[in-house]
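The values are calculated or read from the model by the stated rules, or taken from the named source; none is laboratory data. It should be emphasised that the depicted structure is a prediction, and the values quoted were computed from it without experimental measurement. Don't worry about glycine lacking a Cβ; one is built from the backbone with ideal geometry, like all the others, and counts go over all protein chains shown.
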Amino acid sequence: MDERGRKLSDPVGFRGSGEALPTPCYLVDEALVEENLKILKGVTDRTGARILLAQKAFSMYALYPLIGRYLCGATASGLYEARLCAEEMAGPLGTQGRRVENHIFSPAYKESEFGEVLEYCDTIVFNSWRQAERFGACAKEAGKSVGLRINPECSTQEGHAVYDPCAPGSRLGVTREAFEEALGPEGRAGQGDRLGLLDGLHFHTLCEQDSDALEKTLDAVEEKFGGYLPRMKWINFGGGHHITRPGYDIPRLERCIRRMQDRYGLTVYLEPGEAVALNAGYLVTEVLEIVHNGIDTVIVDASAACHMPDVLEMPYRPPLRGSGLPGEKAYTCRIGGPTCLAGDIIGDYSFDRPPQEGDRLVFEDMAIYSMVKNNTFNGMPLPAIGLRGKDGTCRIRKEFGYGEFKGRLS
Ligand SMILES: *Cc1c(COP(=O)(O)O)cnc(C)c1O
């Protein structure tokens, strides 16, 4: 299909012409992404902090040229994300004469992949001293910047152990104890070669949090690792900063950035994922059927399990355009997907009148952690990917079929 896609009308209020948007369909709004990017660029302009897209949250590479104009680059959690950045953001389209940074972090690199990692990335972050020693020298020889992920052992969130890299027993990041043990009996005084391997320290401990949690985390970072910071060139604050959420305390974030710049002369990196495409996309679905069993369950052609897995993993109830909380409007119902999983439930909502077969239901905030995590469990089709351009017209960029299901099986 033509890469620029067909021009489509959409019966849910998105302007366009021609045929209707197919369902299910992720529809990302370019203007809303750009609004987020402007907020992030503001932080860079005021502080000099370098902001990277964490691709694991949002890898819609059609927008990488736009993202590359506002941010300093991207970070990868795996080899293919690193390659995608190299191809779509760092390539001739995205750069516009500027260097786009390509960072990567992995709990463990594979020997067989590391050569390719070196090809794409300019900054490589390791998760242990063992990994840093195994791969670090060759990264340095290739002219790369080398970092180590630390664990400041400072949990700032409750209830979400699965999203807390500071939870007891975490495999993510080096604790102070392990850090100092590796430096040997001389400790700080000896510092020696190992520390000389590092250009920077990286931590990632937040999840959908405000800058007060960052401030508290920096206290822990300084308390535990402050002695090593003057030896570093950069510090990476990771992701989880909900910078583009209304009400986020940006001045406090900027004080945190300046604190590390002023005290230690460090270049500060941030690598938000969510914040880049927060509230900037939809999942457009169609009502197929309503099942009555004590509660009415509206079945749509999108699945929580397949197409919005974070609804079940976090878990959370995604916003649904035109709906209310259960009981708030005249008709309350549950919305579920078409898979065999009993728990394939998107959430409970209320409406002014019952949805009808063929109605469109539009779930909001569906740009992030959606298309990067979807799957074809139960033989479900993958949603199409559409882009609503700045002129308001919707275009389908890609549609998927049976081939994507069969192609991953043998
Ligand atoms: C997940 C992750 C991010 C991005 O997190 P968001 O919550 O999407 O902002 C950044 N860095 C690392 C190392 C991560 O694992």
- [ ] Please enumerate the residues belonging to the range 307-323 that are among the small types (Gly, Ala, Ser) and either crowded, with 19+ Cβ neighbours inside 10 Å or within 18 Å of the chain's Cα centre (by Cα) (or both).
- [x] SER323
Open item on the list: Against the conditions (1) closer than 17 Å to GLY238 by Cβ; (2) away from the ligand (no atom under 16 Å from the Cβ); (3) hydrophobic (A, V, I, L, M, F, W, C), where does LEU71 fall short? Just the number, please.
Closed with: (2)
Task: Entirely in the range 31-109, the helices (runs of 4 or more DSSP H) that have 2 or more residues that are among the hydroxyl-bearing types (Ser, Thr, Tyr) and closer than 23 Å to THR393 by Cβ - done: 64-70
Open item on the list: Condition check: in contact with an Asp or Glu (Cβ under 7 Å, 6 or more places away or on another chain), in contact (Cβ under 8 Å) with a residue 40 or more places away in the chain and surrounded by fewer than 19 Cβ atoms within 10 Å (Cβ to Cβ). Does PRO326 satisfy that?
Closed with: no
Open item on the list: I'd like to verify a number: residues in the range 341-364 that are in contact with an Asp or Glu (Cβ under 8 Å, 6 or more places away or on another chain), in contact (Cβ under 8 Å) with a residue 60 or more places away in the chain and surrounded by 14 or more Cβ atoms within 10 Å (Cβ to Cβ), how many?
Closed with: 4
Open item on the list: Can you say whether ASN378 is closer than 19 Å to GLY337 by Cβ, away from the ligand (no atom under 16 Å from the Cβ) and assigned to a helix (DSSP H, G or I), as far as the supplied structure shows?
Closed with: yes
Task: Filtered residue count, the range 133-159, keeping only those that are among the charged types (D, E, K, R) and within 16 Å of the ligand (Cβ to nearest atom) - done: 1
- [ ] Might you let me know whether the range 264-279 holds any residue that is β-branched (Val, Ile, Thr), more than 16 Å from the ligand (Cβ to nearest atom) and either assigned to a strand (DSSP E or B) or crowded, with 19+ Cβ neighbours inside 10 Å (or both)?
- [x] yes
Open item on the list: Take the residues in the range 47-61 that are within 14 Å of PHE105 (Cα to Cα) and either within 8 Å of the chain's Cα centre (by Cα) or surrounded by fewer than 24 Cβ atoms within 10 Å (Cβ to Cβ) (or both); name whichever of them is nearest to the ligand (Cβ to nearest atom).
Closed with: ALA54
Task: Pair list, Cβ < 9 Å and 6+ apart or interchain, from the range 381-410 residues that are part of a strand (DSSP E or B) to residues that are among the polar types (S, T, N, Q) - done: ALA384/THR23; CYS394/SER9
Task: Filtered residue count, the range 364-410, keeping only those that are within 23 Å of PRO318 (Cβ to Cβ) and in contact with a strand residue (DSSP E or B) (Cβ under 8 Å, 6 or more places away or on another chain) - done: 19
Task: Subset tally (residues that are buried (at least 17 other Cβ atoms within 10 Å of the Cβ) and of a type in the set (Gly, Ala, Ser)) for the range 126-166 - done: 7
Open item on the list: Regarding the range 242-255, can at least one residue be identified that is of a type in the set (Phe, Trp, Tyr), part of a loop (DSSP other than H, G, I, E, B), at pLDDT 95 or above and within 16 Å of the ligand (Cβ to nearest atom)?
Closed with: yes
- [ ] Just one of (1) modelled with pLDDT of 95 or more; (2) in contact with a Phe, Trp or Tyr (Cβ under 7 Å, 6 or more places away or on another chain) trips up ARG171, so point out which.
- [x] (2)
Open item on the list: Taking the criterion of being within 30 Å of HIS241 (Cβ to Cβ), in contact with a helix residue (DSSP H, G or I) (Cβ under 6 Å, 6 or more places away or on another chain) and of a type in the set (A, V, I, L, M), would at least one residue in the range 312-335 satisfy it?
Closed with: yes
- [ ] Tell me which residues, restricted to the range 232-263, are polar (S, T, N, Q) and buried (at least 20 other Cβ atoms within 10 Å of the Cβ).
- [x] ASN236, THR244
